[in-house]
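Trainee: Here it is, the structure in full.
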Amino acid sequence: MTALQGRVAFVTGAARGQGRAYAVRLAREGADVVVSDICAPVSDSIPYAAATPEDLAETVRMVEAEGRTALSRVLDIRDDAAVTALVADTIERFGRLDVLVANAGVLSWGRVWELSDEQWNAVIDTNLTGTWRTLRAVIPAMIEAGNGGSIIIVSSSAGIRATPGNGHYAASKHGLTSLTNTLTLELGEYSIRVNSIHPYSIATPMIENDAMLGVLGKHPAYLHSFAPMPYQPLNADGAGDRSVFMSPEEAAEVVVWLAGDGAGVVSGSQIVIDRGVMKY
């Protein structure tokens, strides 16, 4: 029996990138998976193309290819009613909800005093407030189900350090770190573990875009905050892999561990996924 057999996981922002990798990896470990994504631009201030309904459908196909059931929904996590309805549909369909991976988020670039209201609001309302709305909908259902569970909040390396050029994003991710720590104390009595993960340089459209390169090109002094990763895993040729980015699938291995019983004593932790770069 696989580690998550019989359990149900909910992954937000699952149409592509990290969210898709998390959903597929959880399915491979035996979980049925609920996936959601806005599948549309959050704001004109976000400098990369949004995922599409076709992307979300591909995630569903990949989950089902692992032999598991997928329930999908196009929704905006800023929409209370939509998130609450999906949680209710999850309980009606599966009878339980064991794992939440609060992954949905957006990023834009600019120095703090030069940010527009739209840039600030799009990032804070999605990353911080939208995640809080997701938690507010999911937690009562997990408590009522009485099975305990695991909540994994996807923060960022920007959630535990300063990152010039995206202070609004860092503020949202630091806020998620604080929510993680508070919920650890509040949910322990219900056997629900809460941890945050803090990825650095994951290869997704969020960071592979001209806006990021433009800020770093204009302000080269900021480059010291985006150092190369010291650990170089062996590649197929037996040499150290000097790639600039990690894959979403690498981060997914940490998520599936936190979701399962193997991490049963881990709660309230900030798990850094960075190949050692935070030690600079």
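Trainee: For the chain, take the longest principal axis of its alpha carbons; what is the angle in degrees between that and the long axis of helix 167-187, to the nearest 10 within 0 to 90?
Mentor: Between the helix axis and the principal axis of the chain, the angle is about 30 degrees.
Trainee: Let me ask something additional. Over the alpha carbons of region 109-186, what is the largest minus smallest coordinate on each principal axis, giving the biggest first in Å?
Mentor: Computed over the Cα atoms, the extents are 47, 23, 15 Å.
Trainee: Looking at the chain, which longest stretch skips every one of the trypsin sites (Lys or Arg not before Pro) that is in a DSSP loop with at most 14 other Cβ atoms within 10 Å, leaving the sites themselves out?
Mentor: With a cap of 14 other Cβ atoms within 10 Å, the longest stretch comes to 112-241.
Trainee: For SER247, SER267, which order do you get if you count the other beta carbons within 10 Å of each Cβ and list the fewest first?
Mentor: Fewest to most other Cβ atoms nearby, the residues stand as SER247, SER267.
Trainee: Enumerate the whole-percent occupancy of each 5 Å bin, from 0 to the last occupied one, for all C-alpha pair distances of region 1-124.
Mentor: Reading upward from the zero bin: 2, 12, 21, 21, 17, 11, 8, 5, 3, 1, 0.
Trainee: Using Cα atoms only, what is the angle between the long axis of helix 17-28 and the major principal axis of the chain, expressed in degrees (0 to 90) to the nearest 10?
Mentor: So the helix axis and the longest Cα principal axis differ by about 30 degrees.
Trainee: Right, here's the next one. Where the centre of each part is set by its Cα atoms, how far does region 137-174 sit from region 7-71, in angstrom?
Mentor: 18 Å
Trainee: Something else: Using modelled backbone amide H atoms (1.01 Å from N, in-plane), which distant-in-sequence or interchain residues come within less than 5 Å of GLY110's amide H?
Mentor: ASN166, GLY167
Trainee: Scan around LEU71 for amide H atoms under 5 Å from its own, H built in the peptide plane at 1.01 Å from N, and keep only partners 5 or more places away or cross-chain.
Mentor: Placed amide hydrogens put VAL33, VAL34, VAL35 under 5 Å from LEU71.
Trainee: Is region 1-60 rounded, prolate or oblate when judged by the Cα gyration tensor, a ≥ b ≥ c being the square roots of its eigenvalues, rounded requiring a/c under 1.5 and prolate requiring a/b larger than b/c?
Mentor: prolate
Trainee: So, one more: Determine the principal axes of the Cα atoms in region 77-230, then give the extent along each, sorted from largest to smallest and rounded to whole angstroms.
Mentor: Cα extents, longest axis first: 52, 34, 25 Å.
Trainee: Still on this structure, I have one more. Checking a compactness column here: for region 131-176, what do you get for Rg(Cα) / (2.2 N^0.38 Å), N being the number of residues?
Mentor: 1.48
Trainee: Assign one of three labels to region 160-280, namely rounded, prolate or oblate, based on the Cα gyration tensor with a ≥ b ≥ c the square roots of its eigenvalues; rounded applies when a/c is under 1.5, prolate when it is not and a/b is larger than b/c, and oblate otherwise.
Mentor: It is oblate, given that a/c is not under 1.5 and a/b is not larger than b/c.
Trainee: What are the semi-axes of the equivalent ellipsoid for region 54-115, taken as the square roots of 5 times the Cα gyration tensor eigenvalues, largest first, in whole Å?
Mentor: In descending order the semi-axes read 29, 17, 10 Å.
Trainee: Just to check I understand the Karplus step: with θ = phi - 60° and J = 6.51 cos²θ - 1.76 cosθ + 1.60, what whole-Hz values come out for region 57-74, glycine and proline as x?
Mentor: 4, 5, 4, 4, 4, 5, 5, 5, 5, 7, x, 10, 8, 10, 10, 10, 8, 7
Trainee: Next question. Would you pull out the residues with amide H under 5 Å of MET246's amide H, same chain only if 5 or more places away, H placed 1.01 Å from N?
Mentor: The answer is ILE202, ALA203.
Trainee: Taking Rh as the Kirkwood radius computed over C-alpha pairs, what is the Stokes-Einstein D of region 237-280 at 4 °C in a medium of viscosity 1.567 mPa s, expressed in µm² per second?
Mentor: Diffusion coefficient, whole number: 103 µm²/s.
Trainee: So what is the 222 nm mean residue ellipticity for the chain from helices alone, if each DSSP H run of at least 4 adds -39500 (n - 2.57) and you divide by all residues, rounding to the nearest 500 deg cm²/dmol?
Mentor: Here the helix-only value at 222 nm equals -12000 deg cm²/dmol.
Trainee: Still on this structure, please answer the following. Quick check: convex hull over the Cα atoms of the chain, volume per residue in Å³, rounded to an integer?
Mentor: 133 Å³
Trainee: Work out, in µm²/s and without decimals, the Stokes-Einstein translational diffusion coefficient of region 25-84 at 20 °C, 1.002 mPa s, Rh from Kirkwood over C-alpha pairs.
Mentor: The diffusion coefficient I find is 171 µm²/s.
Trainee: Just round it to a whole percent: the fraction of Cα-Cα distances in region 61-156 exceeding 19 Å.
Mentor: Of the Cα pairs, 51 percent sit more than 19 Å apart.
Bear in mind that the values in this text are calculations on the coordinates, not laboratory data. Source: prediction; values computed, not measured. So basically every Cβ, Gly included, is an ideal-geometry build from the backbone, and we count neighbours across all protein chains shown.
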